[in-house]
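Taken together, the values in this text are just the output of simple stated rules run on the coordinates, not laboratory data. Owing to the predicted nature of the structure, the values given are computational and were not obtained by experimental measurement. Note: ideal-geometry Cβ built from the backbone for every residue, glycine included; neighbour counts use all protein chains shown.
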Amino acid sequence: MRTDRMASLRKRLQREADAFEFDALIAGVSTIEADADQDPDASAETPSAPAPPAEPTPTSGGTVVPRDAEPSLAQPAASTGEARPAKAHGERRRLSSPWAQQSLFQYGDPTGDAPDDENRAPQLGPHVAASRPDRRPVSRAADREERLRTVLDTLAGRLLLEAGRMRAAVQDDDADLAGFHLAHINQLLDILQSVDPAGDLARQLGTRAAPPPGRAWPAAAWSAVELAESPFSGLLPPSAGEEYYRQVLRAAWGASHPS
Amino acid sequence: MRIVAVVNQKGGVAKTTTTANLGACLAARGLKTLLIDLDPQANLTLGLGIEWYRLETALHSTLLDAEETPLADILHPIADLPLYLAPGHLDLAHTEAVLMPHADKAYRLRNALEDLTQEETFDWVLIDCPPSLGTLTQNAIVASSHLLIPTEPKFYAFAGMDTLNKMIVGLTKSLRFRVELLGVLLTMVERGTRLHQTMAEEIRERFGDKVFRTEIYKNVRLSESEVQGMPIILFDRRASGAQNYESLAEEVIARAN
């Protein structure tokens, strides 16, 4: 009996494993070498800037990464109209978004005072900064709670925003765009699960959209089954069939993106 | 310099334990090693005895503005080893949300590492990833030369690795990077369990020699060392957990050369 169960388990495992492709993991991937071949000035070892989406790219091991072989979690800059970052050797970039800079202001110095050099970690040698952990408390418990509140509020706010956008996309009958926003929802849920798995913190701190008592944050939905079980499936049309779910999920994985 | 992302979107597979202890074992061999805690839970940071909530700056500061807070400015030396930590912080979660709309969101860590290595050389950089496939994990993968995937020998391990595989292939469409699998590491192995043996065999069959020969056995001393805020080799060198990670370090060095 025990042997039968193990054999059955092994068979099930093999069946599952056969359904998966592990090529990228096993062979590795590269989108760098082909670019270097085209541009003799480019450094293959330390690329300083991302390039436009690659054509099928041979790697050093001869592996070919098919252009549309698998979906992506990444937000493709080309398809969203965003400029790709360029970074010259040794050059450091600054944040361009007012939102990010505002956040930096809030987080960098909660008191609003000028940075205090004494609070910086002492220098160790010419390059590595700290010699001992800086254990100096920079905030009281209330400040820590405020930080948690800000983190959860930001994440929950972003979650609501993405959910609203997904709903709008569904109403526009744009499954690709809905999937694009679903990917962002999933990423946010991953973070929320990581920071506050049971949802208790969010409830305690009165975070918007905190899960109701006794419930945790919903799990990310990357498969049809997970999406069907997710409360976010309520954003999809009631008449949505399996194909619609698949289309949304394919888009979430990056197989297709909004132009 | 080898940059290794210790990655698996599943939680509780010993990513943090592996990062800390493998890093310590490499450093104990005289190899200058940098650990990067990219997980908003910051357990690597706490596990190495640094209270992230007392830090004025941590990795989130660097990811948001590397000019204001270069990576070199947040490093903490660990024990008396050539071992350094870029500490994590809860604010990394906020940072992930802030970076989401940015075109260069996946390159922040790579650029920060490039800036650091113009001034300071490390033999190894190990990145402890969060249990998700979000922007922070993308930063780790894009910055890395190698991936190390810890996994329990359990049924859903395959599904998790398939998801990770898809993500990596997806990233190749839009991002510029190169990464190789350093190896799959079987963790939390219960030696006497038939189920674990069967799963381990299947994973080895599927990934071949990409699976490390070393297995990390379940060992309570590993948990105890984290509570004490030190790597296992400094806490109890004779523990099976310490011996496992010593063996893994040898294997990792051999594979990378």
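Could you compute the FRET efficiency for A:LEU160 and B:GLU67, with r as their C-beta to C-beta distance and R0 at 22 Å, rounded to 0.05?
Numbers: r = 32 Å, r/R0 = 1.46.
The computed FRET efficiency comes out at 0.10.
The alpha carbon centroids of region B:65-129 and region B:190-257 are separated by 26 Å.
For B:LYS173, the lysines whose Cα falls under 19 Å of its own Cα, not counting residues fewer than eight places away in the same chain, are B:LYS105. Legend: mean number of C-beta atoms from other chains within 10 angstrom of residue C-beta atoms, peptide B:126-138, equals 4. The HN-Hα couplings worked out from phi for region A:206-214 by the Karplus form 6.51 cos²θ - 1.76 cosθ + 1.60 (θ = phi - 60°) are x, 5, 4, 6, 4, x, x, x, x Hz, whole numbers, x standing for Gly and Pro.
For chain B, a Gaussian network of Cα nodes joined below 10 Å ranks B:ASP162, B:ASP91, B:ASP39 by mean-square fluctuation, and the top entry is B:ASP162. Once both labels are positioned 7 Å from their Cα atoms along Cα-to-Cβ, the gap between A:TYR244 and A:PHE20 label points is 3.1 nm. The phi-based Karplus calculation (6.51 cos²θ - 1.76 cosθ + 1.60; θ = phi - 60°) puts the 3J(HN,Hα) values of region B:54-64 at 9, 8, 7, 10, 8, 4, 4, 5, 5, 5, 6 Hz, whole numbers, x for Gly and Pro.
Projecting the Cα atoms of B:CYS129, B:VAL220, B:PHE207 onto the charge dipole of chain B (Cβ charges, centred on the Cα centre) puts B:PHE207 farthest toward the positive pole.
Averaged over its residues, how many other protein chain Cβ atoms are within 10 Å of peptide A:191-202's Cβ atoms? Show your work: numbers first, answer last.
Values: counts 12, 3, 4, 13, 9, 1, 2, 0, 0, 0, 0, 0.
Whole-number average of other-chain Cβ neighbours for A:191-202 is 4.
Past 21 Å, Cα to Cα, is the threshold; run A:LYS11/B:LYS10; B:LYS154/B:LYS210; B:LYS10/B:LYS32; A:LYS11/B:LYS154 against it and keep the listed order.
Values: A:LYS11/B:LYS10 23 Å; B:LYS154/B:LYS210 17 Å; B:LYS10/B:LYS32 29 Å; A:LYS11/B:LYS154 14 Å.
In this structure, A:LYS11/B:LYS10; B:LYS10/B:LYS32 exceed 21 Å between Cα atoms.
Which order do the peptides A:185-197, B:47-59 take when ranked by the mean count of other beta-carbon atoms within 10 Å per residue, highest first?
On the way: A:185-197: 24.0, B:47-59: 22.2.
For the peptides A:185-197, B:47-59, the packing ranking is A:185-197, B:47-59.
For B:ASP80 and B:SER223, calculate 0.36 nm times their separation in residues minus their Cα-Cα distance, and state this gained length in nm to one decimal. If you can, show how the numbers build up before the last one.
Values: separation 143, 0.36 × 143 = 51.48 nm, distance 2.13 nm.
Gain in length upon complete extension: 49.4 nm.
Taking label positions 7 Å along the Cα-Cβ direction at both A:ALA168 and B:ARG54, the computed distance is 4.6 nm, reported to one decimal. Amide H contacts under 5 Å for B:LEU85: B:LEU35, B:HIS76, B:ILE78, restricted to partners 5 or more places along the chain or on a different chain, H placed in the peptide plane at 1.01 Å from N.
Among B:ILE149, B:ILE78, B:ILE36, which one shows the highest mean-square fluctuation when chain B is modelled as a Gaussian network with alpha-carbon springs under 10 Å? Ranking B:ILE149, B:ILE78, B:ILE36 by mean-square fluctuation puts B:ILE78 first.
Applying 1/(1 + (r/R0)^6) with r as the Cβ-Cβ distance of B:ARG194 and B:GLN243 and R0 = 30 angstrom yields a FRET efficiency of 0.80.
Among the DSSP beta bridges whose two residues both lie in chain B, what percent are antiparallel, rounded to the nearest 5?
5
In order along region B:132-148, phi translates into HN-Hα couplings of 7, 10, x, 4, 5, 5, 4, 4, 5, 5, 5, 7, 9, 9, 9, 10, 10 Hz, rounded to whole numbers, per the Karplus curve 6.51 cos²θ - 1.76 cosθ + 1.60 with θ = phi - 60° and x for Gly and Pro.
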